[in-house]
Structures are given as C-alpha cells and as structure tokens.
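Take a look at the structure set out below.
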Amino acid sequence: MISAFVASYGYLAVFAGALLEGETMLIAAGFAAHRGLLDWPTVIVVAIVGGVLGDQLAFMLGRWKGDALIARFPALAAQKPRVHALLERHATVFILSVRFLYGLRIAGPVLLGSSRVPFLRFAVLNVIGAVPWAVLVSGAGYFFGYTMSSLLSNLKHIEEAVLLGILLTGGVVWLWRRRRARASRAAGPRHDSAS
C-alpha cells in the first residue's frame with residue numbers, strides 16, 4: 001500500500017516536502033530509492049528544485065512582509081538577533097548552510113529577506129546550498145536502506161513498515177517542535193506581562 005503510493009506520488013511528495021521543511025520526506029524518498037521504488041538522482045533533482053523554490057519564496061516573503069511577520073510571530077522575532085549576528089560574521093557560510101540549522105529552515109530565509117542581503121546573492125547561494133542538502137539528506141535514507149538490507153536478509157517483507165516508521169518519526173518530531181514553539185510563544189506574553 002505505502003509502496004504503491006510512493007511509486008505513484010513519491011516525486012510529488014518529495015517536491016512538496018522540500019518546498020516546506022522536507023527532511024523526513026527526503027529521508028523516506030532516499031530509502032524508497034534504495035528499495036527501487038524511486039530513482040535516487042531524480043529524488044535529488046526534485047528535492048533541489050523544491051528546496052530552492054521554498055527558500056526563495058520565504059526570502060521574497062521576508063523582503064515583502066518581513067517586518068510585519070517579525071512583529072506578528074515572536075518565535076521569528078526571537079531568531080532575528082541570531083540571524084543578524086551570523087550574517088555579520090559569516091554571511092556566505094550562513095546563507096549556504098541555513099537549511100541545515102535547527103530552527104532556521106524556514107525562519108532563516110524569511111529573516112534573510114528582511115535583511116540587506118541582495119536578492120541575486122541569496123538566489124545563487126540558495127541553489128549552491130540546496131545541492132549538498134538534497135544529496136546528504138536523501139543519501140541518509142538511501143544508506144539507511146543499504147544498511148538495513150545488509151543486516152536483514154529479506155528487507156522486502158518489512159519495507160512498508162520501515163517507510164511508515166520513517167514518516168511517523170518525522171511526524172512525531174514535527175509535532176514535538178510545534179508544541180515546543182507554542183509553549184514558548186505562550187510563555188512569552190506571560191513573561192512580558194509579569195515584568
């Protein structure tokens with residue numbers, strides 16, 4: 001069932017996942033590529049396109065509505081000093097690696113868009129940074145599949161369970177991060193009103 005879904009909609013899921021915050025989807029796609037359900041080079045290309053487009057849209061949103069977003073979302077405002085400090089010291093390295101930094105996958109490009117980083121510079125570094133991200137994250141799933149098939153004589157019988165496990169783990173991590181962010185936002189106003 002999951003294998004059929006992956007074979008039918010896998011590349012679309014990779015694109016949508018990479019467009020948003022697709023590490024889980026990309027790891028699952030790498031595993032599916034190892035199992036022969038998807039083509040690994042195609043997974044990488046689709047992830048690069050989705051990741052670049054997602055970050056570029058976030059950058060443009062930051063350029064267009066950055067101040068309003070920062071004022072509206074305390075979690076985004078909390079990241080602003082960190083992003084600007086990193087930009088001051090290591091602008092190129094930061095832009096190249098923003099998609100690897102916990103908590104900055106989406107916030108980073110929005111905040112970069114609200115900064116003085118030129119559009120073209122971000123666009124070029126965004127493409128360059130997307131390549132190792134797509135290869136490494138999908139590669140983690142691919143080599144996880146390789147390791148599992150080395151350890152288990154017949155991975156075919158449990159490949160659907162493994163795919164489901166990867167997706168569920170990603171979903172649990174996403175929910176945990178979301179709850180933590182909500183708790184942080186809820187704690188913020190109480191702290192402000194107490195002071």
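Bear in mind that the values in this text are calculations on the coordinates, not laboratory data. Values in this document were obtained by computation on a predicted structure and should not be read as measured data. Cβ: placed from backbone, ideal geometry, glycine included. Neighbour counts: every protein chain shown.
What the table shows:
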read-out	value
Under 13 Å, Cβ to Cβ, from G66 - net charge with Lys/Arg +1 and Asp/Glu -1	+4
Label-point separation, F100 to L61 (7 Å along Cα→Cβ), nm	2.4
Förster-model FRET efficiency, 22 Å R0, R179 and A75, C-beta, rounded to 0.05	0.95
From phi via Karplus (6.51, -1.76, 1.60), per-residue ³J(HN,Hα) for segment 23-33 in Hz, x at Gly/Pro	4, 4, 5, 6, 5, 4, 5, x, 4, 4, 5
Gain upon complete extension [F119, A16; 0.36 nm per residue less C-alpha separation]	34.7 nm
Cleavage-rule hits, trypsin sites (Lys or Arg not before Pro), segment 86-136, DSSP coil, Cβ neighbours within 10 Å at most 12	R116
